[in-house]
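What follows is a single structure, written as structure tokens, with notes after it.
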Amino acid sequence: MGPLDGMLMGIKDNFCTSTLPTTCGSVMLKGFTSPYDATVVKLLEASGAILIGKTNMDEFGMGSANVYSDSGVVQHPFTYRRVAGGSSGGSAAAVGMKMCTAALGSDTGGSVRLPASYCGVVGFKPSYGRCSRNGLVAYANSLDTVGILSGTVKQASVVYDAISKHDPKDPSSMPDKLRSKLDESDSILRSQWTKGNLKGLVVGIPQEYYVDPMSDDVVDVWRSGIQFLKEQGATIQSISLPHTHLALPAYYIIALAEASSNLARYDGVRFEKDKHTDVSKKVSGDMMLYADTRAEGFGAEVQRRILLGTHVLTAGTFDTLFLPAQKARRLIQADFDQVFYQHNALYESSVEQEGQESTKVHVILTPSAISSAPRMTDVLERHESSNDVKAVDAYMNDVMTVPASLAGLPAITVPFGKSAVDGYPIGLQLMAQYGHDGFLLSIANSLAKKQK
């Protein structure tokens with residue numbers, strides 16, 4: 001018997017499976033079945049998990065409400081009047097409705113943690129490179145991370161242990177040498193708080209995460225989380241991550257640039273079995289065929305992001321947008337390195353982590369979203385609007401989650417409270433230093449005790 005023996009698992013529809021179609025929620029891949037299984041899918045099956053099916057998602061992972069899908073919108077597990085969040089909304093809703101014990105999702109800028117907060121479930125994004133991306137359809141290579149949605153932190157931990165393996169087929173997979181080094185450090189740190197008493201743990205509260213669009217309900221739940229950890233013996237420390245305001249623009253510049261490159265392979269002729277374009281009717285040459293099939297195969301949001309990403313990579317804007325975004329990403333990572341006690345094992349020099357000892361922390365606590373689950377009517381109105389400004393305004397939903405993605409840090413959403421206005425779930429996010437995933441899960445389990 002494997003560690004996951006008999007566990008019912010859902011698989012987000014951007015993980016390749018040889019027995020089920022992989023459409024990524026897009027007409028472009030309608031009818032496509034992969035000739036191989038993703039590495040994490042193989043590991044789940046080898047561990048005894050029962051894969052019950054594929055879950056809906058925003059097209060190619062692009063969205064925060066799961067309304068951009070050829071298969072239709074994903075409704076909140078409690079009501080059809082609210083969204084489930086995206087882009088892993090199908091996985092979050094399936095777990096929230098107890099259709100499965102856990103589900104795989106992918107997290108590029110919050111696509112696991114945001115819907116987890118909306119649906120009242122646990123959403124875990126491991127450190128970048130911990131879990132193989134082989135067989136995960138790419139959105140943005142330097143940001144895409146395999147994620148886990150589950151009912152409890154312990155369930156997420158068991159699934160994580162099963163799929164966190166080095167994979168030579170994934171060039172971004174964490175090497176065994178670095179993995180062993182981090183596992184040793186992680187184990188030592190985790191052993192300090194094994195009995196639930198958090199005395200000696202320092203929790204950072206970043207002032208930059210208190211943003212204007214955040215609802216009063218979320219602020220109240222955040223304060224409750226801080227108070228609960230304090231009661232468990234933790235020390236609360238106010239910290240500053242000064243470059244946080246650069247995270248959202250930097251993320252969308254980098255992610256969309258990578259997406260425009262990755263999605264160039266989809267021409268409407270390859271991959272899908274059920275061609276949605278009649279090639280015989282095209283008489284204007286190959287280029288027109290290519291242009292028409294891409295326009296017909298991609299939804300409005302994917303087209304918007306491809307166009308923006310292509311613009312970012314043009315000669316005129318590469319130096320003024322893309323390169324500064326990469327520099328901002330490095331500054332954001334440096335902010336985290338300066339506040340964590342743990343050294344970032346990706347860097348040999350300790351110069352990257354200079355900072356006052358009095359402001360060092362073990363974990364960081366923030367909200368996972370700026371509100372509870374938005375109303376379906378409000379999201380659909382914005383989705384169907386021809387006003388691009390309204391569509392781009394939706395990107396603000398990711399403001400809490402993109403910094404950890406840019407830095408490659410492990411981060412987890414834990415359901416912690418409910419809105420006093422509408423009664424829907426609100427989750428809190430914990431972040432830890434790169435590679436210390438087991439330690440983060442153990443602290444998250446302590447935070448989750450409030451819900452028991």
Angle, helix 247-262 long axis vs. longest principal axis of the chain, Cα atoms, 0 to 90°, nearest 10?
-> 40 degrees
Quickly rank 26-36, 54-64, 367-377 as a protection proxy: mean count of other C-beta atoms within 10 Å, highest first.
-> 54-64, 367-377, 26-36
Violating pairs (Cα-Cα greater than 22 angstrom) within the set K154/K360; K154/K181; K230/K449 = K154/K360; K154/K181
Do you know the relative contact order of the chain, to the nearest whole percent, from alpha carbon pairs under 8 angstrom that are 6+ apart?
-> 20 percent
Accessible area (Å², per residue) of the chain, counting only protein heavy atoms and a probe of 1.4 Å = 40 Å²
A correct Karplus calculation of ³J(HN,Hα) over the stretch 394-406, with 6.51 cos²θ - 1.76 cosθ + 1.60, θ = phi - 60°, whole Hz and x for Gly and Pro, returns 5, 5, 4, 4, 8, 4, 7, 9, 5, x, 5, 5, 5
Return one number: the angle in degrees, 0 to 90 and rounded to the nearest 10, between the long axis of the Cα atoms of helix 323-339 and the longest principal axis of the Cα atoms of the chain.
-> 20 degrees
Assign unit charges at the C-beta atoms only (+1 for Lys and Arg, -1 for Asp and Glu), then state the dipole size of the chain relative to its Cα centre in Debye, rounded to the nearest 20.
-> 900 debye
Using the per-residue mean of other Cβ atoms lying within 10 Å as a proxy for protection, in what order, highest first, do the peptides 338-344, 196-202 fall?
-> 338-344, 196-202
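Given the DSSP H assignment, sum -39500 (n - 2.57) over each helix run of at least 4 residues in the chain and divide by its residue total; what's the result at 222 nm in deg cm²/dmol, nearest 500?
-10500 deg cm²/dmol
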In percent, what relative contact order does the stretch 180-239 have, based on Cα pairs under 8 Å that are 6 or more apart in sequence?
-> 51 percent
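Ignoring any ligand, DNA or RNA, what whole percent of the accessible area of the chain comes from carbon and sulfur when the probe is 1.4 angstrom?
Values: 9820 of 18190 Å².
Roughly 54 percent, rounded to a whole number.
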For the stretch 120-126, 3J(HN,Hα) per residue [Karplus equation, 6.51 cos²θ - 1.76 cosθ + 1.60, θ = phi - 60°, Hz, x = Gly/Pro] | x, 10, 8, x, 10, 10, x
Which angle between 0 and 90 degrees, to the nearest 10, do you get for helix 176-190 versus the longest principal axis of the chain when only C-alpha atoms count?
-> 40 degrees
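The values are calculated or read from the model by the stated rules, or taken from the named source; none is laboratory data. Fair warning: this is a prediction, and the values are worked out from it, not measured in the lab. Cβ: placed from backbone, ideal geometry, glycine included. Neighbour counts: every protein chain shown. Only protein heavy atoms, including side chains, enter the accessible area calculation; ligands, DNA and RNA are left aside. Shrake-Rupley method; radii C 1.70, N 1.55, O 1.52, S 1.80 Å.
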